[in-house]
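S.K.: Just dropping this structure here.
The values are calculated or read from the model by the stated rules, or taken from the named source; none is laboratory data. Keep in mind that this is a model prediction, so the values were computed, not measured. Cβ coordinates were reconstructed from backbone atoms using ideal geometry, including for glycine residues, and neighbour counts include every protein chain displayed. Protein only, heavy atoms only, side chains kept; ligands, DNA and RNA dropped before computing areas. Shrake-Rupley method; radii C 1.70, N 1.55, O 1.52, S 1.80 Å.
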Amino acid sequence: MNSPAPEEVLVPAPAPAALGHLIRADQLTAVRQTVLLSIPVNAALGIISTLVAWSAGKLAIALVWLACSGVINLLRILACRIPVARIAALPVVARLLGGPRHNEVDVNLRVHWILALLSGIVWAGVPALCEGYTTPETLFYLTCVCGITAGAVTHGFAYARIPICFITPPLLSIIACLAYQGDTTRLALSLAVLLYLAALIRGSRVSEKLVSDSSASKNRANAATQALKVAHEDLASFAEKMQYQAEHDLLTGLLSRAGFMHKALALTTRREHPLCMMFLDLDGFKVINDAYGHDAGDQVLIEVAQRLHDCVAGKSILARLGGDEFVIVYAAAPDAELPDALASRLIEAIARPYSRMAHRHIGLSIGIYLSGEDDINEMLVCSDAALYEAKRRGRNQFRFFNEKLNAHLQMKRDVERDLAPALKNRELQVWFQPIIRRNGSSPDGFEALLRWHHKNHGWIAPPDLIEIAALAGQSEELLHFIVGEVVEMIRFLHAAGRTELRVAMNISPRELERILIDDLVALKLKEFGLPAEMLEIEITEETAIDLQAARQTLSALSGLGVSLAIDDFGVGYSSLGFLRQMRVSRVKIDRSFVTDLSNSAENQALVQAVLQLSESFNFQVVAEGVESIDDLRMLQDMNCPAMQGYYFSPPMPAEKAREWLRGPALALSP
């Protein structure tokens, strides 16, 4: 099963740190060239500024300023002329700027930006030449400083820190002086200089980014050229390894999805017999990962792959599509094993104990599709639909794709296509079914139920609609619609003074994971000033099992004051700890335990147990599926506080539900 992987070929490539060093080296080279070009301009402007100060009677301070500027300019020239290694080796430089983490290039760049900062500080002293930009020479000095800062950015395109360090002190000194003078014109001018500073800083960073990207591209190209030279003799084996990795799952050695598609498509081109595709998914594998960790899970997957490989014939194509999903395809020739027989052998093989966890049981669900014409992608879709049916019917079994599943698949495709226009045109509706108190006549609230009558497929089941919306990326739009309709019903009840009634809406596990439901609910309730206590969120037991995934959103909803309910109780595995921790206010017993309750002692015992449990955990019980007077009488005798079902009322459109609440329809007690 595990084909040996080709020998690995090591191709030199610049590591991120090495690439960064090469980029900084290119920047340093550019800096040493451009600084030499900028120094003459700096010196010339300094001399001109000194002459202007001389004419204004400030020669002494101008000469001191010019001397400081000249010393800094000389140091900057030396920093560009002296070899990089010698600068880094200078004792004062090594002591102040060196260190084990800094190489010669980094040290030299530090020298340059520190000298640029010192030069900028000298130019920040220009206000001393013009009494804080108040003398008649102010315009000259402003022009001079702004010009030299613009030139610094132009020359310092390679390394932004150098021009930024140079331009910031003098421009800040201008801003401070102008702002200090306080009149409107100078304040406006100081703001303009501030914007000018920001623009120069941004321009410096953009220029550096362009230089860095260009340097990175150049160095990557150099590295790639070198790599091609080094790897030339091993190119064939390297290509083979890449091909293997592209088409195989490296954990199990089976074909990957890409490899499967390649081989399966080749099989369809020369088919002589119908093809059989089996879509396989492990049952209970998530528990292994959660309880024992992913290393143990990987070992189980390796053993599962080996067992599957041992079961299938040599001409079959076996692949791992990802996670715990596998697929098998083979030609259903007359002498080939029947699909149901092979599926049974596969399920039996996977069910055997595993070496590292003999006490853990793993099952296998299989969807089977037989085809003589469809392409591989269509076969995957159909076999996946059959797999979903196998899981829905209890897992650890196989199901064939049939006409019923085909009709359901076509329905899903049509609904997915038509859902967005239907939401836009408000073709969907939210209906409401009353929840009745023990007396059989007083309403306790409503449950909101999604309804859509599709033009081709009639009424679409809400679970199908929720699933299709998730696949189509329409979950959020659909939820916004439902919440909006529920809030409208709450607004009606609130305006009618029936604030003791609650409106419940169902939330799917996918919505809890992907959508900020608590934010949406809070926004809607706040928009209309409605009490959160009138809204109830129902989650299925499947959601309640994954406590960590649901906790944050449900806690936020509970914090708002929204009631929480467990729907379909009894068909899943709700944690009692969940009922306590999340302060569940209502548990709805699934209709399968309520309908025809008077004739089932087992169901009566379960309902009674839940009622007793409600006293300890302080939640209300609602019995769903009340369809007869006998069901009602039995529940009343058991002191069930609330009930719901067709005996009282079917789900109704919103307007009819409002009429029902206002009218004589509440006289339901027999």
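S.K.: Please list the non-local residues whose amide H lies under 5 Å from the amide H of Gly445, H modeled 1.01 Å from N, same-chain partners needing a gap of 5 or more.
M.R.: Excluding prolines and chain starts, which carry no amide H, the hits are Ile435, Arg502.
S.K.: Out of the stretch 356-413, which GluC sites (Glu not before Pro) are coil in DSSP terms and have no more than 14 other C-beta atoms within 10 Å? Write out the running numbers ahead of the final one.
M.R.: Working: sites: Glu373, Glu378, Glu389, Glu403; in loops: Glu373.
Passing sites in the stretch 356-413 are Glu373.
S.K.: Just to be sure I understand the model, the point goes 7 Å from the Cα along the line to the Cβ. What's the resulting Tyr646 to Leu59 distance in nm?
M.R.: 11.2
S.K.: Would you please give the residues with an amide H less than 5 Å from that of Ala642, counting only those at least 5 places away or on a separate chain, with H modeled from the backbone geometry?
M.R.: Val621, Ala623
S.K.: How much net charge surrounds Leu19 when only the other residues with a Cβ under 14 Å from the Cβ of Leu19 are counted, with Lys and Arg +1 and Asp and Glu -1?
M.R.: On the way: positive: Arg24, Lys218, Arg220; negative: Asp26, Asp213.
Neighbour charge sum, excluding Leu19 itself: +1.
S.K.: While we're on this one: If r is the Cβ-Cβ distance from Glu131 to Lys218 and R0 is 45 Å, what FRET efficiency results, to the nearest 0.05? Don't skip to the end; give the middle numbers.
M.R.: Details: r = 50 Å, r/R0 = 1.12.
Once rounded, the FRET efficiency stands at 0.35.
S.K.: Another question, if that's okay. Treating the beta-carbon of each Lys and Arg as +1 and of each Asp and Glu as -1, no other charges, what is the dipole magnitude of the stretch 206-298 about its Cα centre, to the nearest 20 debye?
M.R.: Numbers: 10 positive and 13 negative charges, 101 e Å.
The calculated dipole for the stretch 206-298 is roughly 480 debye.
S.K.: If you don't mind, another one. Could you calculate the FRET efficiency of Glu325 with Phe528 from 1/(1 + (r/R0)^6), where r is the beta carbon distance between them and R0 is 45 Å, rounded to 0.05? Mind dumping the intermediate values first?
M.R.: Values: r = 46 Å, r/R0 = 1.01.
Step by step, r from the Cβ atoms, then E = 0.50.
S.K.: Over the stretch 276-430, what is the mean sequence separation of C-alpha contacts under 8 Å (at least six apart), divided by residue count, expressed as relative contact order in percent? Write down the numbers at each step before the final one.
M.R.: Working: 203 pairs, mean separation 40.9, N = 155.
Contact order relative to length: 26 percent.
S.K.: Can you order the peptides 172-178, 600-606, 626-632 by their average number of other Cβ atoms within 10 Å per residue, highest first? Don't skip to the end; give the middle numbers.
M.R.: Working: 172-178: 20.7, 600-606: 13.9, 626-632: 18.3.
In decreasing order of mean packing, 172-178, 600-606, 626-632 become 172-178, 626-632, 600-606.
S.K.: Ranked from highest to lowest mean number of other Cβ atoms within 10 Å per residue, what is the order of the peptides 467-474, 423-430?
M.R.: Numbers: 467-474: 17.6, 423-430: 14.1.
Ranking, from highest mean packing down: 467-474, 423-430.
S.K.: Using only Cα atoms, locate the centre of the stretch 292-335 and the centre of the stretch 113-141, then give the distance between them in Å, rounded to an integer.
M.R.: With the stretch 292-335 and the stretch 113-141 each reduced to a Cα centre, they are spaced 77 Å.
S.K.: Identify the trypsin sites (Lys or Arg not before Pro) of the stretch 339-391 meeting these criteria: DSSP loop state and at most 16 other C-beta atoms within 10 Å of the C-beta. Each step should come with its number before you reach the end.
M.R.: Working: sites: Arg345, Arg356, Arg360, Lys391; in loops: Arg356, Arg360.
In loop regions of the stretch 339-391 (DSSP not H, G, I, E or B), the sparsely surrounded trypsin sites (Lys or Arg not before Pro) are Arg356, Arg360.
S.K.: For the stretch 58-81 and the stretch 352-399, write down the distance between their C-alpha centroids in whole Å.
M.R.: Rounded to whole Å, the Cα centres lie 82 Å apart.
S.K.: ³J(HN,Hα) across the stretch 64-70 via Karplus (A = 6.51, B = -1.76, C = 1.60, θ = phi - 60°), whole Hz, x for Gly/Pro?
M.R.: Using θ = phi - 60°, the values come out as 4, 4, 5, 5, 4, 5, x Hz.
S.K.: Could you compute the net charge surrounding Lys218? Neighbours are other residues with a C-beta less than 14 Å from the C-beta of Lys218; K and R count +1, D and E count -1.
M.R.: Values: positive: Arg24, Arg220; negative: Asp26, Asp213.
Taking every other residue near Lys218 into account, the sum is 0.
S.K.: Whenever you get a sec, compute what percent of the accessible area on the chain sits on carbon and sulfur atoms (1.4 Å probe). Can you show the working numbers first?
M.R.: Numbers: 18840 of 32920 Å².
Within the chain, the accessible surface is 57 percent carbon and sulfur.
S.K.: Arg345 versus Glu602, label points 7 Å from Cα toward the beta carbon: distance in nm?
M.R.: With each label placed 7 Å out from Cα toward Cβ, I get 3.6 nm.
S.K.: Return the whole-Å distance between the Cα centroid of the stretch 437-480 and the Cα centroid of the stretch 235-281.
M.R.: Between the Cα centre of the stretch 437-480 and that of the stretch 235-281, the gap is 42 Å.
S.K.: In the stretch 264-398, what % of DSSP beta bridges are antiparallel (nearest 5)? Can you show the working numbers first?
M.R.: On the way: 22 of 23 bridges.
Antiparallel bridges: around 95 percent, rounded to the nearest 5.
S.K.: How far, in nm, would the chain grow between Ser442 and Ala496 when pulled straight, counting 0.36 nm per residue and subtracting the alpha carbon separation?
M.R.: Details: separation 54, 0.36 × 54 = 19.44 nm, distance 1.56 nm.
Extra length from Ser442 to Ala496 when fully extended: 17.9 nm.
S.K.: What whole-number value in Å² describes the accessible area per residue of the stretch 405-511 for a 1.4 Å probe?
M.R.: Accessible area per residue: 42 Å².
S.K.: Show me, for the stretch 38-46, the HN-Hα J-couplings you get by feeding each phi into the Karplus relation (A = 6.51, B = -1.76, C = 1.60, θ = phi - 60°), rounded to Hz, glycine and proline as x.
M.R.: Whole-Hz 3J(HN,Hα) from phi for the stretch 38-46: 7, 4, x, 5, 4, 5, 4, 5, x.
S.K.: So, one more: Subtracting the Cα-Cα distance from 0.36 nm times the residue separation, let me have the gained length for Ala296 to Ala67 in nm, one decimal.
M.R.: Numbers: separation 229, 0.36 × 229 = 82.44 nm, distance 7.38 nm.
Result: 75.1 nm gained on full extension.
S.K.: OK, next. Tell me which trypsin sites (Lys or Arg not before Pro) from the stretch 246-299 have a DSSP coil assignment and no more than 11 other beta carbons within 10 Å of their own.
M.R.: Details: sites: Arg257, Lys263, Arg270, Arg271, Lys286; in loops: Arg270, Arg271.
When the trypsin sites (Lys or Arg not before Pro) of the stretch 246-299 are filtered for loop state and at most 11 Cβ neighbours within 10 Å, Arg270 remain.
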